[in-house]
Amino acid sequence: MKNIVILISGGGSNMAAIVKAAKREDWQHKFGARIAAVISNKADAKGLVFAQQKGLATEVLDHKSFATREAFDAALAQAIDQYDALGQPALVVLAGFMRILTPSFVSRYAGRLLNIHPSLLPAFSGLHTHQRALDAGCKFVGASVHQVTAELDYGPILAQAVVPVLPGDTADTLAARVLTQEHLIYPQAIAALLRS
């Protein structure tokens, strides 16, 4: 079985889109894959409620309980690996996981660690992407699914969606339209990886 562990920090809308796609498209039968667990670094992450309602294993690992980023990442890796019989989940999927990961964590899951970013990478990595795109006068924005490397919001791009900037757009209206595309391309990119 290809086990997938999803990491979240908040509402988990991308996680929910992935979970729904996995059920709707029967990833277990089609790819021999399943969502094994959802882990959050915040106990109040609303996405945990959705995951629990879907019968998924959930876990909270509060990053504030650790003295260093390295200590947290080591504990996170242990938590992730327990959800696979061989200690090697097929994929670790960042879905609104708001932590910068250490190079040793990234290398541990190299080629199996995915993220989604609300811009057409390599443009506008980091935070406040929508406002920065508006300030730059962009006519199009979008979202990118990519493999995670040690460099922030960088790595091989697996899928992208383009969203036009409309007259009167604000960072919030743009973010909402981009998010609908994220919900489509993230599950598609994961399914493509599972198929390969």
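The values are calculated or read from the model by the stated rules, or taken from the named source; none is laboratory data. Given the structure is predicted, the values throughout are model-derived calculations rather than measurements. Quick reminder, even Gly has a Cβ in these numbers, built from the backbone with ideal geometry, and neighbours come from all protein chains shown.
Worth pointing out:
- Contacts under 9 angstrom Cβ, first residue in region 28-49 being in a loop (DSSP other than H, G, I, E, B), partner of a type in the set (Ser, Thr, Tyr), 6 or more apart: Asn41/Ser9; Lys42/Ser9; Ala45/Ser9
- Neighbours by Cβ (under 9 Å, 6+ apart or cross-chain): first from region 149-163, without any contact (Cβ under 8 Å) to a residue 24 or more places away in the chain and among the aliphatic types (A, V, I, L, M); second surrounded by fewer than 14 Cβ atoms within 10 Å (Cβ to Cβ) and in a strand (DSSP E or B): Val163/Phe140
- Test for Gly32: is it closer than 23 Å to Val145 by Cα, over 17 Å from the mean Cα position of the chain (by Cα) and at pLDDT 95 or above: yes
- Taking region 86-105 as the range and being without any contact (Cβ under 8 Å) to a residue 60 or more places away in the chain and buried (at least 18 other Cβ atoms within 10 Å of the Cβ) as the test, the residues that pass are Leu101, Thr102, Phe105.
- Criterion: surrounded by 14 or more Cβ atoms within 10 Å (Cβ to Cβ) and under 16 Å from the mean Cα position of the chain (by Cα) - qualifying residue of Ala171, Ala143: Ala143
- Test: residue in region 97-119 that is part of a strand (DSSP E or B), at pLDDT 95 or above and touching an Asp or Glu at 6+ places or on another chain (Cβ under 6 Å): yes
- Total residues in region 157-166, condition over 10 Å from Leu121 (Cβ atoms) and surrounded by fewer than 16 Cβ atoms within 10 Å (Cβ to Cβ): 3
- Close pairs from region 170-196: first under 20 Å from Ala136 (Cβ atoms) and modelled with pLDDT of 95 or more, partner among the hydrophobic types (A, V, I, L, M, F, W, C) and in a helix (DSSP H, G or I), Cβ under 9 Å, at least 6 apart: Thr170/Leu134; Ala171/Ala133; Ala171/Leu134; Leu174/Ala133; Leu174/Leu134
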